[in-house]
Amino acid sequence: MSEGAGPQLSTKEPVVLMSDFDYAVDFAMIAAALHAAPTPTKTADDIVAYVRQQLDADHGSITVIGSRKRLETIAPTDRLAEQLDREQYKLREGPCYDSSWRAQTLTSTNLADDERWPRWAARASALGVVSLLAVELTTVDDQRLGSINSYWTRSRDITPDDAAFMSIFARHAALALAQAWNEDGLNVALDGRKLIGQAQGILMERYDLDEARAFEVLRRYSQDHNIKLRDVAAYLMATRQLPISGDLQP
């Protein structure tokens, strides 16, 4: 499933836990495949697709703790998965809501009779959901990232083997996601530094400024007009002039 070189996540055969050695090898290969994904979006898509296939789930998604501590859904398999998650965020109850905030693994084989989330369970049952599994996404230093969510439109008994598999897989998935996000942020930062450097070069050549003075011009313009420094640099690169009032929105 992953693009480019590196191990591929197979979604054709379930994980077979034959021994401790096989168990470790299986997850080492899974981890390598997840880390090989070229973007955070691809990493998340691979995680959901793999879990869905391994557990034969009908719907799946990932809940992440986003900016300002708000829960958000990424990599949903379809609109229903996104709706099931969104209802939980709105009601402030449900398996992925609790799993994300409390770092718990939560299951239900018959949601219609589950009293833990009465309002959400009623809505989910009306949408045809019968069983579910939400597994916490936490890194090795116990940083909470969210949860992996699986939904079934039929009764699904979550076995101890299922729980054991998901517990370990979720830890690998959390590490892969955290790394992908960090690398993506680093790439953005590096791209921004390169862009700012190029904009400095334009100012240095045009106005006979040294490097420090050119950066100060960009920084002061950014602050005075409440525009991100990277956006000022990008505008300068595209137009060969600093933006005037109204050209860029803060």
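Structure values in brief
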quantity	calculated
Whichever residue in region 128-178 is assigned to a strand (DSSP E or B), under 24 Å from residue 78 (Cα atoms) and among the hydroxyl-bearing types (Ser, Thr, Tyr) and, among such residues, is nearest to the chain's Cα centre (by Cα)	147
Qualifying residue in region 55-70 (condition: touching a residue at least 24 places away in the same chain (Cβ under 8 Å), buried (at least 17 other Cβ atoms within 10 Å of the Cβ), over 16 Å from residue 145 (Cβ atoms) and among the acidic types (Asp, Glu))	yes
Residue list for region 100-115, filter: assigned to a loop (DSSP other than H, G, I, E, B), touching a residue at least 12 places away in the same chain (Cβ under 8 Å) and of a type outside the set (Gly, Ala, Ser)	104, 105, 109, 110
Unmet criterion (only one of (1) within 25 Å of residue 181 (Cβ to Cβ); (2) touching a residue at least 24 places away in the same chain (Cβ under 8 Å)) for residue 164	(1)
Residue list for region 232-241, filter: part of a helix (DSSP H, G or I) and surrounded by fewer than 17 Cβ atoms within 10 Å (Cβ to Cβ)	237, 238, 239
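Every read-out reported here was derived from the displayed coordinates using simple, explicitly stated rules and does not represent laboratory data. This one's a predicted model, so the numbers in the text were calculated from it and none came from an experiment. Don't worry about glycine lacking a Cβ; one is built from the backbone with ideal geometry, like all the others, and counts go over all protein chains shown.
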